[in-house]
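> Just passing along the structure, written as structure tokens.
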Amino acid sequence: MSKPSSTDDNSPLSERVGFLLVKLGFCATDRLAERLAPLGLGARHFELLSYVADAEGLSQQQLADAMGLHRNQMVKLVDGLEARKLVERRPHPADRRAHAIALTDKARELLSEARRAADDQEAYFTAPLDGDEAREFARLLRRVADHAGLS
């Protein structure tokens, strides 16, 4: 049995969680793109560099799975970053058929700048909340994302 909605059939869109999430998602995507563009990065680049920084040595397939991408998309993404000397493909220690992805020093510097841009964006979205509210908001969003299989 599903939980009753906090809205009824006549609720305006501005009170519907799904609609608000979509609108905020578009806004967040646009704002992040604006902040990352001067660095020559897109959101997927930032996501991939962040994953590699957090768990260097993952294979392209492991990264594709973590990001929800098809392996062909991952190859293209890694190819682009490798051409810019931001990542390196290295032999994977556990699977000789796979490549482990590693950040270059250049990528670490760029990622530091990109994280500052993401921090600025987060500050923008949490500005109307106090510290406890911002932490609770993030916790609730993680819970909803986990439920949706997005963690």
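The values are calculated or read from the model by the stated rules, or taken from the named source; none is laboratory data. Note that this is a predicted model, so its numbers are computed, not measured. Note: ideal-geometry Cβ built from the backbone for every residue, glycine included; neighbour counts use all protein chains shown.
> Of everything in region 96-151, what is closer than 24 Å to Ala55 by Cα and among the basic types (Lys, Arg)? Give them in sequence order.
Scanning region 96-151 gives Arg96, Arg97, Lys106, Arg108, Arg115, Arg116, Arg139, Arg142, Arg143.
> Still on this structure: Say whether the condition of being modelled with pLDDT of 95 or more and on the phi > 0 side of the Ramachandran plot is met by at least one residue in region 77-90.
yes
> Which one is surrounded by the fewest Cβ atoms within 10 Å (Cβ to Cβ), of the residues in region 32-45 that are closer than 16 Å to Phe125 by Cβ and hydrophobic (A, V, I, L, M, F, W, C)?
Ranking the candidates gives Ala33 first.
> Being surrounded by 13 or more Cβ atoms within 10 Å (Cβ to Cβ), in contact (Cβ under 8 Å) with a residue 60 or more places away in the chain, out of contact with any Lys or Arg (no Cβ under 8 Å at 6 or more places or on another chain) and within 25 Å of Ala28 (Cβ to Cβ), is that true of even one residue in region 48-60?
Yes: region 48-60 contains one or more residues that are surrounded by 13 or more Cβ atoms within 10 Å (Cβ to Cβ), in contact (Cβ under 8 Å) with a residue 60 or more places away in the chain, out of contact with any Lys or Arg (no Cβ under 8 Å at 6 or more places or on another chain) and within 25 Å of Ala28 (Cβ to Cβ).
> Would you be able to tell me the number of residues in region 99-136 that are of a type in the set (A, V, I, L, M, F, W, C), under 17 Å from the mean Cα position of the chain (by Cα) and within 20 Å of Leu21 (Cα to Cα)?
Of the residues in region 99-136, 3 are of a type in the set (A, V, I, L, M, F, W, C), under 17 Å from the mean Cα position of the chain (by Cα) and within 20 Å of Leu21 (Cα to Cα).
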